[in-house]
Amino acid sequence: MLALALALALAPQNGDVKGEEQPPLREEWRVPAPKPLSPEEALQSFRLAPGLKVELVAAEPLVVAPVCATFDEYGDLWVCEMRTYMRDADATGEAEPGNAVVVLRDNDGDGRMDER
């Protein structure tokens with residue numbers, strides 16, 4: 001009996017059959033894509049512990065697809081951009097050149113990056 005229950009539970013885990021047509025997703029199951037937030041809206045979405053604050057120093061189009069960043073001793077912001085990473089579920093174009101490490105600089109001392 002246990003073997004039968006296990007077999008029935010694991011059978012759906014075989015995945016799709018190659019070339020099998022899947023029925024379209026029911027409309028009530030579709031989740032609309034989220035609206036991108038402006039930099040200011042994104043700042044408001046953070047929940048911070050008391051005593052901490054977040055400041056915006058760079059946003060698109062100055063920096064695109066950032067994955068990590070660090071400040072150097074001169075106040076420049078070094079950013080790793082992964083522009084070609086996972087554009088879609090098939091990873092189309094992922095091997096294309098386009099990723100970069102860029103240096104952003106605050107020229108006027110206002111705390112926001114002005115040039116790359």
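Rule-based calculations on the coordinates, nothing more; no lab input. All figures in this text were calculated on a predicted structure; none of them were measured in a lab. Backbone-built Cβ (ideal geometry, glycine too); neighbour counts: all protein chains shown.
At most 16 other C-beta atoms within 10 Å and a DSSP loop state: those are the exposed chymotrypsin sites (Phe, Trp or Tyr not before Pro) I care about. Give me the longest piece of the chain that has none.
1-45
What residue among ALA91, ALA59, ALA100 shows peak mean-square fluctuation when the chain is described by a Gaussian network model with Cα springs under 10 Å?
ALA91
When you have a sec, figure out the Kirkwood radius of region 62-116 from all distinct Cα pair distances and drop it here in Å to one decimal?
Mean inverse Cα-Cα distance, inverted, gives 12.3 Å.
Just in region 38-80: which GluC sites (Glu not before Pro) are loop by DSSP and have at most 13 other Cβ atoms within 10 Å?
Taking region 38-80 and a limit of 13 other Cβ atoms within 10 Å, the loop GluC sites (Glu not before Pro) found are GLU55, GLU73.
Please list log₁₀ I(q)/I(0) at q = 0.10, 0.12 Å⁻¹ for the chain, using the Debye equation with identical point scatterers on the alpha-carbon positions.
Ignoring solvent entirely, the Cα scatterers give -0.59, -0.74.
Please check: in the Gaussian network model of the chain (C-alpha springs, under 10 Å), which one of ASP106, ASP76, ASP88 has the largest mean-square fluctuation.
Of ASP106, ASP76, ASP88, the most mobile in the Gaussian network model is ASP88.
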